[in-house]
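Since the structure comes first, as structure tokens, the remarks are kept for the end.
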Amino acid sequence: MDPFSAEGELINIHNAFHQGQYQSVIDFNTSSFSPENALPTRILQLRAQLTLGNIDDVLADIEGEDDTPDLGAVKALAQYVAGNTDAALQLALEMAENYPDNATVQVLAGTVLQGAGKSEEALALLGKHQGSLEAVALIVQIHLQQNRSDLALKEVQAAKRWAQDSLLVNLAESWVGMRVGGEKYQSAFYVYEELASADSTSAPLSIVGQAVAEIHLGRLPEAEAAISAALERYPNDAGLIANSVVLNVLAGKPSGDLEKRLQGAEPSHALLADIQEKSELFDTAAAKYSAKVSS
């Protein structure tokens, strides 16, 4: 077996995952992969299963193997996606403490920590990476969620020095561009447009990216058409559903049914948590006022 060919196949499955071609990742022919690539490939396939909502299948697949750090990290992520946040957070903290140098633990436990509001803990864990582009991408996302575009841009610029042509670096640069705004919106749109044109399956990631860029550029009908068509193919994709909720709000349309749909697809989605928080704040503010009826 040609080791370079096997390495190339591993890169292909990584790119397919990050392009959102999750079913392709699951169905990927791994017979030519070297033994050392078996576990990384399995992790990607399990993560693809989680993204498609097959949580029970993943937990059954790794049952009795969660003493392996990588698979323990998968279990934490599965628990989080299932909405079992407390158990997921406890396991993620244990993994971060015991296996801080494991690349899979860094990314998956880091994802859980960030999702549970432990941003500093997530960044501390991810900062231990040794050339992991997934860790870089997650660090960029966290900084953007913290409204620290400056730190996100710094992370991207540093990564470009050693991974200029990487798909993940290009995507991360687009994320920053859409936060910075201005002409960067159009630049980000072009990145996703190129990604979509190279992806015959029209995977959700490229469609969502294009649609978000369209929203920022004020092209709501184009964004709505793209996401609606994608939802017909990927009805349970949480990213598509969440962005459809946002589009409905911008267009002044009801979004209750979509929110319920998102709840079913990913109970722990950040948009749902944000909606719940805003609803509670509104109720608290409204409770301070009582109707006054004059006789």
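For region 270-294, how many residues are surrounded by 16 or more Cβ atoms within 10 Å (Cβ to Cβ) and modelled with pLDDT under 85?
Residues meeting the conditions: 0.
Of all the residues that make up region 243-263, how many are of a type in the set (A, V, I, L, M, F, W, C) and either surrounded by 17 or more Cβ atoms within 10 Å (Cβ to Cβ) or within 19 Å of the chain's Cα centre (by Cα) (or both)?
5
Checking the condition of a type outside the set (Asp, Glu), out of contact with any strand residue (DSSP E or B) (no Cβ under 7 Å at 6 or more places or on another chain) and outside any loop (DSSP other than H, G, I, E, B), which residue from 163, 152 passes?
152
Rundown of residues vs (1) outside any loop (DSSP other than H, G, I, E, B); (2) touching a residue at least 24 places away in the same chain (Cβ under 8 Å); (3) open to solvent by less than 40 Å² (accessible area, probe 1.4 Å); (4) of a type in the set (A, V, I, L, M, F, W, C), yes/no style:
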site	(1), (2), (3), (4)
13	yes, yes, yes, yes
24	yes, yes, no, no
56	yes, no, no, no
63	no, no, no, no
80	yes, yes, yes, no
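For region 122-135, check the following and say yes or no: at least one residue is within 20 Å of residue 243 (Cβ to Cβ) and either crowded, with 22+ Cβ neighbours inside 10 Å or among the acidic types (Asp, Glu) (or both).
no
For residues that are out of contact with any helix residue (DSSP H, G or I) (no Cβ under 6 Å at 6 or more places or on another chain) and not in a loop (DSSP other than H, G, I, E, B), scanning just region 42-54, find the one that is most open to solvent (accessible area, probe 1.4 Å).
42
What are the pairs with Cβ atoms under 8 angstrom where one residue, in region 253-280, is closer than 22 Å to residue 220 by Cβ and the other, located anywhere, is part of a helix (DSSP H, G or I) and among the basic types (Lys, Arg)? Sequence gap at least six, or different chains.
none
Name the residue, out of 38, 78, that is small (Gly, Ala, Ser) and either closer than 24 Å to residue 205 by Cβ or modelled with pLDDT of 95 or more (or both).
Within the list 38, 78, the selection yields 78.
Suppose we filter 157, 141, 210 for residues that are farther than 27 Å from residue 48 by Cβ, open to solvent by 20 Å² or more (accessible area, probe 1.4 Å) and assigned to a helix (DSSP H, G or I); which single one remains?
157
Among the residues of region 82-106, what is the count of those that are under 14 Å from residue 117 (Cα atoms) and open to solvent by 80 Å² or more (accessible area, probe 1.4 Å)?
2
Does residue 228 satisfy the criteria of being modelled with pLDDT under 90, within 23 Å of residue 24 (Cα to Cα) and not in a helix (DSSP H, G or I)?
Taking the combined requirement at face value, the residue does not satisfy it.
Starting from region 159-170, keep only residues that are within 20 Å of residue 206 (Cα to Cα), then list their pairs with residues that are assigned to a loop (DSSP other than H, G, I, E, B) whose Cβ atoms are within a distance under 7 Å, requiring at least 6 positions of separation or different chains.
Taking only residues 6 or more apart or on different chains, the pairs are 169/163.
Looking at region 251-261, can you tell me whether even one residue there is touching a Pro at 6+ places or on another chain (Cβ under 6 Å), closer than 24 Å to residue 81 by Cα and assigned to a helix (DSSP H, G or I)?
no
With the checklist (1) at pLDDT 85 or above; (2) assigned to a loop (DSSP other than H, G, I, E, B); (3) open to solvent by less than 50 Å² (accessible area, probe 1.4 Å) in hand, flag the one item residue 177 doesn't pass.
If we test residue 177 against (1) at pLDDT 85 or above; (2) assigned to a loop (DSSP other than H, G, I, E, B); (3) open to solvent by less than 50 Å² (accessible area, probe 1.4 Å), just (2) comes out false.
Name every residue in region 100-131 that is more than 21 Å from residue 273 (Cβ to Cβ), part of a loop (DSSP other than H, G, I, E, B) and modelled with pLDDT of 95 or more, in order of residue number.
100, 101, 102, 127, 128, 129
Of the conditions (1) in contact (Cβ under 8 Å) with a residue 24 or more places away in the chain; (2) out of contact with any Leu (no Cβ under 8 Å at 6 or more places or on another chain); (3) surrounded by fewer than 17 Cβ atoms within 10 Å (Cβ to Cβ), residue 148 clears all except one; give me its number.
Exception for residue 148: condition (1).
Which residue out of 185, 192 is of a type in the set (Phe, Trp, Tyr), open to solvent by less than 20 Å² (accessible area, probe 1.4 Å), free of Cβ contacts under 8 Å to residues at least 60 places away in the same chain and not in a loop (DSSP other than H, G, I, E, B)?
None of the others qualify; the one that does is 192.
The values are calculated or read from the model by the stated rules, or taken from the named source; none is laboratory data. Since the structure is predicted, the reported quantities are computational estimates derived from the model, not experimental observations. Cβ atoms come from the backbone with ideal geometry, glycine included; neighbour counts cover every protein chain shown. Areas reflect the complete protein model, heavy atoms only, side chains present, ligands, DNA and RNA absent. Shrake-Rupley method; radii C 1.70, N 1.55, O 1.52, S 1.80 Å.
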